[in-house]
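A quick write-up on the structure given underneath.
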Amino acid sequence: MAQTDKAKNLLKRFDRLKSQRQNWESHWQEVADYMQPRKADVTKTRSKGDKRTELIFDGSPLQSVELLAASLHGMLTNPSTPWFSLGSNKMIWRMKMRRKNG
């Protein structure tokens, strides 16, 4: 009995969140049409080979998106900082011993 109530509550919450999202989808579609026409399938369904750049009259938005992505990548992920290292257990043990003694 409790599982069916939980399932009903989850479905109600899903429907509520979906209706709240629909308010924004038209805005997202409009932005995507100008900024990323290749991925602009928020509310529209297009067939393969369909023209997607009919609304674009200048390449500035596309360049701006690429510049923003590159800037965020450069600022959030420092290429000189190692993210991880690979090694055997013996190598890791040696590195720990060097830190303790060193």
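All of the numbers you see were taken from the coordinates with simple rules; none came from a lab. Since the model is a prediction, treat every value here as computed from it, not as a measurement. When we count neighbours, we look across all protein chains shown, and the Cβ atoms used for this are built from the backbone with ideal geometry, even at glycine.
Placing +1 on each Lys and Arg Cβ and -1 on each Asp and Glu Cβ, with no other charges, gives the chain a dipole about its Cα centre of roughly 1120 debye. Across the options T43, T53, S85, the greatest Cα extent toward the positive end of the charge dipole of the chain (unit charges at beta carbon of Lys, Arg, Asp, Glu) belongs to S85. Rounded to the nearest 20 debye, the dipole size of segment 1-50 about its Cα centre is 260 debye, using +1 on the Cβ of Lys and Arg and -1 on the Cβ of Asp and Glu.
Simple rule: put +1 on each Lys or Arg Cβ and -1 on each Asp or Glu Cβ in segment 2-75, find the dipole, and look at G74, A32, L17; the Cα lying farthest toward the positive end is L17.
Mind listing which trypsin sites (Lys or Arg not before Pro) in segment 1-89 are in a DSSP loop and have 11 or fewer other Cβ atoms within 10 Å?
On the way: sites: K6, K8, K12, R13, R16, K18, R21, R38, K39, K44, R46, K48, K51, R52; in loops: K44, R46, K48, K51, R52.
Here the sparse-neighbourhood loop sites are K44, R46, K48, K51.
Test of understanding: given the chain, find the longest segment containing no chymotrypsin sites (Phe, Trp or Tyr not before Pro) that are in a DSSP loop and have at most 10 other Cβ atoms within 10 Å. Answer from the scan: 1-56. Taking 11 Å as the cut-off, no amide N atom of segment 40-61 comes nearer than this to a point 7 Å along the Cα-to-beta-carbon line of D15. Using only Cα atoms, find the angle between the long axis of helix 60-76 and the longest principal axis of the chain, and express it within 0 to 90 degrees, rounded to the nearest 10. Roughly 30 degrees between the two axes.
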